[in-house]
Amino acid sequence: MSAPQTLSYAQAAALALSEAMTADARIVALGEDLGRGGVFGQYRGLQQAFGIERVIDTPISEAGIMGAAVGMALAGLKPVVEMRVIDFALCAIDEIVNQAAKNRFMFGGQGRVPLVARMPIGIWGASAAQHSQSLEAWFAHMPGLLVVTPSTPQDNYSLLKAALASGDPVVYLEHKELWGETGPVDTAIGVELGRAAVRREGSSLTIVSWSRGVSASLQAAELLAAEGIAAEVIDLRSLWPWDREAVMASAARTGRLLVVHEAVRVAGFGAEIAATVAEELRVPVGRVGAPRVPVGYAQPLEQVSRLQPVAIAQAARRLCG
Amino acid sequence: MNAPPTERLLALFRTMMRIRAFEDAAEAASQGGVQAFGQSASAQPARVRGPLHLSTGQEAVAAAVCMHLRRDDLLTSTHRGHGHTLAKGADLTAMMCELYGRATGTNKGKGGSMHIADFGVGMLGANGVVAAGIPIAAGAAHALKIQGSNAIMACFFGDGAVNRGPFLEGLNWARVYQLPVLFVCEDNRISATTPTGPMTAGAGTAERARSLDIAAETVDGNDVVSVDAAAGRLVEQVRAGGGPRLLHAITYRLKGHVSIDPGAYRDPAEVARALESEPLRLARERLLADGVDGAVIEGIEREARAEVAAAQAVAEASPWPTEDEAFRDVTTVAEGVWQ
């Protein structure tokens, strides 16, 4: 039996990757600055442990990195691709959307693309419009991709392992503001892709969120509890596949659904969940997300795009009212 | 340079002839389906539907380069990739079935002409996006190096691709990691319907490769003997661990951008001149000069056309994919862990 250890979200990912690379010689990692541990320390020690052939420092060539990873995968490797921030992954959109996501299907099952593309999301320290986006809905829209959004160190350990084992291209979205968050990590805990976690139980309404939105939702639930509103908070953990069963069961019981995400609200993935629940259960639904503006640099502007527990609580009250 | 033995030239001619016959038949089967390029839609739907990009007139490049590849060598191709795929050894009948969209196709009818792949012969896929195969090829070559294989990668692309970013990123990548890849620019001198020359700054493809310290050769891509010799030299260097090389083969696209495009935007005199030096004609003349009996050459052509006709008959009789195939090979996470 393994004893849980206290790790940061970044350390948990490094541990998962290290263990997976030890167990499977086909796994390689490639991206910019990996030899120095990655921008956020999420690869710390790996190049020293596995060598420059398996932890590959690359030129700043996002299309080249993702394209090369597709080729590596088709030729029998399992690449972990670092995109630095999701905003830069847009330079590799053909490679992920037209190539990685399509190959297995359009080649009639010949060849698979078991790659994990790590694309850190979210607002982080005044990083402004091109380093702060949450674009998970873009990728959730895309057949052929799996989309994973860990919110805790334990999940970043367990979900990264699950992503590596899935055998299909996974868009793996770590939130930049979570890198330093610490928590217990038990290496014996496995998490299946597509299984949500109930982070707080409640009977008044269901709040569904993921990534950084989970802690904002839990803070909102605290505010609501003081007023006698018992919010159930579900962490979706992966957006594709998303755990319909868990969400439906909870919303059927509470009779109300609120979806919370840091991404822009318009055409966000919250719309998909809210629509699905409304269609199937006919319960009232609501959404909280950022206004449709670029993330501003100055603090008051950045604040406009951040999830506010107070605003989440307000939306919950409206649903319960 | 010594001329290759007649037997080798006959083998190259046979490959080129099979490509020509395959594409001629596919072209005929693709007519009449849609209203485009001045053609009106007919009541009789085309048997080969969708964009069909023909490499007619470019066969020498595919045949001669692939002559130097082993079965375990890898290949990436383009939207104009029937020739490369056939020359690498893919099954002609399965390819025809794929064009017909049948379940018996190389891709089970799920890809069509632009996405033909045959992993069994190392053919990692044609590509509907210009230049997209270049970084993929670099990555596959990277995998070969990591795996300690002595197989190599051949990466075909067209002249239009050299103006896309992945050309720079993929070539730089291959040189930085000294990867076993032969880049082949099959230069048919036209990007869809626009001549490539005026759209391309500087001294062109080979010079762009040399600027990245990748040795490059330029050859007459219509002369199968020249391509054979140059490809032989470059493949040997790549296989010896010398890192990437680039072959720039200048040829001419005899047909339009797609099969239903008559290419009316081109000067008829230019096309007439091109027909004088098209690769099958040149190879035929050379064989005759080598003393090969004309009847032998005609026999090869007859055989190729018969093989293609038989493949079409198989395709016509083959079943369509069933609807459940639309849901297969998307992702399997819900079905369990894949190893």
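The values are calculated or read from the model by the stated rules, or taken from the named source; none is laboratory data. This one's a predicted model, so the numbers in the text were calculated from it and none came from an experiment. Cβ atoms come from the backbone with ideal geometry, glycine included; neighbour counts cover every protein chain shown.
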Scan of region B:139-151 for residues that are of a type in the set (A, V, I, L, M, F, W, C) and either under 17 Å from the mean Cα position of the chain (by Cα) or facing chain A (nearest Cβ under 7 Å) (or both), ordered by number: B:140, B:143, B:144, B:146
Candidates B:20, B:47 - the one that is basic (Lys, Arg) and closer than 17 Å to residue B:98 by Cβ: B:47
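Could you please give the count of residues in region B:111-125 that are closer than 23 Å to residue B:258 by Cα and in contact (Cβ under 8 Å) with a residue 40 or more places away in the chain? Walk me through it before giving the result.
Of the residues in region B:111-125, the ones closer than 23 Å to residue B:258 by Cα are B:111-118, B:123-125.
With the extra rule that they be in contact (Cβ under 8 Å) with a residue 40 or more places away in the chain, the set shrinks to B:112-114, B:123-125.
Residues in region B:111-125 being closer than 23 Å to residue B:258 by Cα and in contact (Cβ under 8 Å) with a residue 40 or more places away in the chain: 6 in total.
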Among the numbered criteria (1) modelled with pLDDT of 95 or more; (2) within 16 Å of residue B:127 (Cβ to Cβ), which single criterion is violated by residue A:111? (1)
Failed condition for residue A:43, given (1) buried (at least 24 other Cβ atoms within 10 Å of the Cβ); (2) touching a Lys or Arg at 6+ places or on another chain (Cβ under 7 Å); (3) more than 10 Å from chain B (Cβ to nearest Cβ), with all others met? (2)
Of the conditions (1) surrounded by 15 or more Cβ atoms within 10 Å (Cβ to Cβ); (2) of a type in the set (Ser, Thr, Tyr); (3) more than 27 Å from the chain's Cα centre (by Cα), residue B:259 fails just one. Which one is it? (3)
Restricting to region A:74-91, name every residue that is facing chain B (nearest Cβ under 7 Å) and of a type in the set (A, V, I, L, M, F, W, C). A:74, A:75, A:77
So for region B:93-116 (the condition being over 10 Å from the mean Cα position of the chain (by Cα), more than 9 Å from chain A (Cβ to nearest Cβ) and under 16 Å from residue B:154 (Cα atoms)), does at least one residue qualify? no
Among the helices (runs of 4 or more DSSP H) contained in region B:26-144, which hold 2 or more residues that are in contact with a Gly (Cβ under 9 Å, 6 or more places away or on another chain)? B:59-66, B:92-99
Per-region count, region B:236-250, residues in contact with a Lys or Arg (Cβ under 8 Å, 6 or more places away or on another chain) and either closer than 28 Å to residue B:6 by Cβ or assigned to a strand (DSSP E or B) (or both): 3
As an exercise: evaluate residue B:27 against (1) out of contact with any helix residue (DSSP H, G or I) (no Cβ under 8 Å at 6 or more places or on another chain); (2) at pLDDT 95 or above; (3) closer than 30 Å to residue B:236 by Cβ and give the number of the one condition it does not meet. (3)
Residue set A:307, A:301; condition closer than 30 Å to residue A:127 by Cα and assigned to a loop (DSSP other than H, G, I, E, B); output residue A:307
What pairs can you find where one residue is in region A:253-280 and basic (Lys, Arg), the other is assigned to a helix (DSSP H, G or I), and their Cβ atoms are less than 6 Å apart, with a gap of 6+ or different chains? A:256/A:319
Enumeration of residues in region B:117-138 that are more than 17 Å from residue B:160 (Cα to Cα) and either of a type in the set (D, E, K, R) or more than 7 Å from every other protein chain (Cβ to nearest Cβ) (or both): B:118, B:120, B:121, B:122, B:123
Would you point out which residue out of B:94, B:141 is under 28 Å from residue B:280 (Cβ atoms), modelled with pLDDT of 95 or more and touching a strand residue (DSSP E or B) at 6+ places or on another chain (Cβ under 9 Å)? B:94
Which one of these does residue A:220 not meet: (1) crowded, with 24+ Cβ neighbours inside 10 Å; (2) under 27 Å from residue A:126 (Cα atoms); (3) within 14 Å of the chain's Cα centre (by Cα)? (3)
Within region A:119-130, does at least one residue satisfy the condition of being crowded, with 24+ Cβ neighbours inside 10 Å, outside any helix (DSSP H, G or I) and in contact with a His (Cβ under 6 Å, 6 or more places away or on another chain)? yes
Subset tally (residues that are of a type outside the set (Lys, Arg), free of Cβ contacts under 8 Å to residues at least 60 places away in the same chain and not in a loop (DSSP other than H, G, I, E, B)) for region B:145-166: 7
Per the filter on region A:272-289, residues within 17 Å of the chain's Cα centre (by Cα) and aliphatic (A, V, I, L, M) are A:273
Selection count, region A:180-198, where residues are surrounded by fewer than 21 Cβ atoms within 10 Å (Cβ to Cβ) and in contact (Cβ under 8 Å) with a residue 40 or more places away in the chain: 13
Selected residue [of a type in the set (Asp, Glu), under 20 Å from the mean Cα position of the chain (by Cα) and surrounded by fewer than 19 Cβ atoms within 10 Å (Cβ to Cβ)] from B:217, B:270: B:217
All but one of (1) in contact with a helix residue (DSSP H, G or I) (Cβ under 8 Å, 6 or more places away or on another chain); (2) within 14 Å of chain B (Cβ to nearest Cβ); (3) of a type in the set (D, E, K, R); (4) within 19 Å of residue A:114 (Cα to Cα) hold for residue A:57; which doesn't? (4)
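Among the listed residues A:109, A:71, which satisfies the condition of being within 7 Å of chain B (Cβ to nearest Cβ), in a loop (DSSP other than H, G, I, E, B) and of a type outside the set (S, T, N, Q)?
Numbers: A:71 fails: in a loop (DSSP other than H, G, I, E, B).
Within the list A:109, A:71, the selection yields A:109.
Looking only at region B:167-181, which residues are in contact with a Phe, Trp or Tyr (Cβ under 9 Å, 6 or more places away or on another chain) and part of a helix (DSSP H, G or I)? Talk me through it step by step, then tell me what you get.
Going residue by residue through region B:167-181, those that are in contact with a Phe, Trp or Tyr (Cβ under 9 Å, 6 or more places away or on another chain) are B:167, B:170-171, B:174, B:179.
The answer is B:167, B:170, B:171, B:174.
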For region A:167-187, what are the residues that are touching a Leu at 6+ places or on another chain (Cβ under 6 Å) and either in a strand (DSSP E or B) or among the hydroxyl-bearing types (Ser, Thr, Tyr) (or both)? A:170, A:171, A:185
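Just a yes or no: is a residue in region A:170-177 hydrophobic (A, V, I, L, M, F, W, C), surrounded by fewer than 24 Cβ atoms within 10 Å (Cβ to Cβ) and more than 10 Å from chain B (Cβ to nearest Cβ)?
No, that holds for no residue.
Touching a Ser or Thr at 6+ places or on another chain (Cβ under 6 Å) and of a type in the set (A, V, I, L, M) - does that describe any residue in region A:54-77?
So the first thing to find is which residues in region A:54-77 are touching a Ser or Thr at 6+ places or on another chain (Cβ under 6 Å), and the list is A:65.
Adding the requirement that they be of a type in the set (A, V, I, L, M) leaves A:65.
The answer is yes, given that some residue of region A:54-77 is touching a Ser or Thr at 6+ places or on another chain (Cβ under 6 Å) and of a type in the set (A, V, I, L, M).
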When (1) buried (at least 19 other Cβ atoms within 10 Å of the Cβ); (2) more than 19 Å from residue A:72 (Cβ to Cβ); (3) among the β-branched types (Val, Ile, Thr) are applied to residue B:152, the one that fails is (2)
Might you let me know whether region B:240-250 holds any residue that is within 14 Å of another protein chain (Cβ to nearest Cβ), surrounded by 12 or more Cβ atoms within 10 Å (Cβ to Cβ) and modelled with pLDDT of 95 or more? yes
